[in-house]
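I have a structure I would like to understand better, so I am pasting it below and will then ask my questions one at a time.
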């Protein structure tokens, strides 16, 4: 009968940089068995990724060796917490959209400025929330920056023309003033 090994602990040891020989000595699994698992389950020796995964697991209330039911429960709970954050962010954008629609409908420049400022503030706040919660859309957000070095960077928003080109639509705002047409 095959000896049961602590595979979650073995994988953790490997992915955080332990050599296969060290793992073999510590856990008693055969070298070929360990190599087979590494290849079959695509284990990666990337400490940065392992640290990230371990951190996410701890935040979700999991630890190495948890049974599958406990892991599934922890994953579900963490997904619910993140979903609440995303739902809150969507509601905030719906409110901001109402301000923008009011600006476009009334052609009121001041309301348009408020809409722009709130959109920028909302984006900044929500990017911070998403980073803090580890919510990743798998889309890289790129911004143009100006300045001599990283300590003097300032965000330069896209021009109205750039925005319209990238979104394939017209905003209904005058490109030179930002006022509603």
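The values are calculated or read from the model by the stated rules, or taken from the named source; none is laboratory data. Just so it is clear, the model here is predicted, and its values are computed rather than measured. FYI the Cβ positions are ideal-geometry reconstructions off the backbone, even for glycines, and counts take in every protein chain you see.
Need pairs with beta-carbon distance below 8 Å; first residue at positive phi and within region 11-23, second surrounded by fewer than 19 Cβ atoms within 10 Å (Cβ to Cβ) and assigned to a loop (DSSP other than H, G, I, E, B); sequence gap 6+ or separate chains.
So the pair list comes out as 17/45.
Please work out which one of (1) in a helix (DSSP H, G or I); (2) closer than 22 Å to residue 23 by Cβ; (3) over 19 Å from the mean Cα position of the chain (by Cα) is the condition residue 73 fails and give its number.
(2)
Might you check whether a residue that is more than 22 Å from the chain's Cα centre (by Cα), in a helix (DSSP H, G or I), at pLDDT 90 or above and within 24 Å of residue 4 (Cα to Cα) occurs anywhere in region 39-61?
Yes; the residues of region 39-61 include at least one that is more than 22 Å from the chain's Cα centre (by Cα), in a helix (DSSP H, G or I), at pLDDT 90 or above and within 24 Å of residue 4 (Cα to Cα).
For region 114-129: of the residues being touching a residue at least 12 places away in the same chain (Cβ under 8 Å) and out of contact with any helix residue (DSSP H, G or I) (no Cβ under 8 Å at 6 or more places or on another chain), which is farthest from residue 79 (Cα to Cα)?
Ranking the candidates gives 116 first.
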